[in-house]
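Reviewing the structure listed below.
The values are calculated or read from the model by the stated rules, or taken from the named source; none is laboratory data. From a predicted model like this one, the values you see are computed outputs, not experimental measurements. Every residue, glycine as well, gets a Cβ built from its backbone with ideal geometry; the counts of neighbours run over all protein chains shown.
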Amino acid sequence: MKQYAFGIDIGGTTVKCGFFKNDGTFVEKWEIPTRKDNGGDLILPDIADAIRERLEKHGVSMYDVEGIGVGVPGPVLDDGVVNGCVNLGWGVFNVAEKLSALLGGIRVVAGNDANVAALGEQWRGGGKGFKNVVMVTLGTGVGGGIIIGGRILPGGHGAAGEIGHMQMRKNETAVCGCGKKGCLEQYASATGIVRLAKLALADTTKPSSLRSLAEVTSKDIFDAAKTGDAMALKLVDTLGEMLGSALAHITAVVDPDVIVIGGGVSKAGQILLDAIVKHYRPAAFHACRDTEFKLAVLGNDAGMYGAVRMVLNG
């Protein structure tokens, strides 16, 4: 195996770029803007330029690079075809083939960004030492990734792990960003728990420290819960109920060794894990009841690590 690899994590605002040795250590990491002009046509050429610049800077030949892994914020098929990516302005095309052609035919592997981050956590993060991992990312939305035998499970349409869009409430009237109603991310994401907080504050006159805040954030809710605020504790419990129930369904299908919880909301720490586990254990199939729960540890670097791991997996 060659000595180096690149891990690229494409986001809506920036592209995170990692130049790695093949043992998983960084040579360098940096970011470039995600230029979405002209339907995102500039994104891959910008990445190719950034890779060439780093190789020149470090005096490394392209022949010493095993390949380039790319995480994309949309569904990606096994062969590198992006099945549409609204956030980048992309339609359906083979991102792996196009980036490879821009760099003289070097091997490129592409995957969904949440799946790729899950692979990163399985390799070097909260899931290290486990072969079968389900990762849940709690941020603006709820993302997920499934790793089986140390490899990403992409699914037939590139959409495996989209757990944020499991329907949890059939009587929900608010519409999710995906167009459905009652999705998990409407309750368990940072924006979801804030939405529930606003509803609760408007629905009752019960005292809560949240009432004194001009703008409530998910962090505010967890901080208030840690001080014993009754309304905040109920909101955290609702989030735990939704996630615990959803994960009980998921483990009955894929039976992971460990569930890794990441994203900005995961910074709440043990109170979040306790809320999830409280509802997960009674709902889980008996053989999966003792599945371990861990917090993610790689933060924003998880996608770069996972992208490199895709390359090294062969």
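What the table shows:
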item: Residue in the range 43-56 that is assigned to a loop (DSSP other than H, G, I, E, B) and small (Gly, Ala, Ser) present; result: no
item: All positions within the range 100-131 that are surrounded by 18 or more Cβ atoms within 10 Å (Cβ to Cβ), of a type outside the set (A, V, I, L, M, F, W, C) and under 17 Å from Pro154 (Cα atoms); result: Gly111, Asn112, Asp113, Asn115, Gly120, Glu121, Gln122
item: Test: residue in the range 247-269 that is farther than 21 Å from Glu162 by Cβ and assigned to a helix (DSSP H, G or I); result: yes
item: Checklist (1) closer than 22 Å to Gly120 by Cβ; (2) under 24 Å from the mean Cα position of the chain (by Cα) applied to Pro33, failing item; result: (1)
item: Residue match in the range 1-14 (condition: surrounded by 15 or more Cβ atoms within 10 Å (Cβ to Cβ), farther than 18 Å from Asn112 by Cβ, more than 21 Å from the chain's Cα centre (by Cα) and of a type outside the set (Lys, Arg)); result: yes
item: Among the candidates Val134, Val92, residue that is crowded, with 23+ Cβ neighbours inside 10 Å and aliphatic (A, V, I, L, M); result: Val134
item: So Leu210, is it in contact (Cβ under 8 Å) with a residue 40 or more places away in the chain and over 20 Å from the mean Cα position of the chain (by Cα); result: no
item: Helices (runs of 4 or more DSSP H) completely within the range 84-194 that count 1 or more residues being closer than 24 Å to Ile47 by Cβ, in the same structural domain as Ile43 (by TED's automatic domain parsing) and within 16 Å of the chain's Cα centre (by Cα); result: 113-124
item: Selection within the range 184-207 - touching a residue at least 40 places away in the same chain (Cβ under 8 Å) and more than 18 Å from Asp274 (Cβ to Cβ); result: Leu184, Glu185, Ser189, Ala190, Thr191, Gly192, Leu196
item: Number of positions in the range 171-195 that are among the charged types (D, E, K, R) and out of contact with any Gly (no Cβ under 6 Å at 6 or more places or on another chain); result: 3
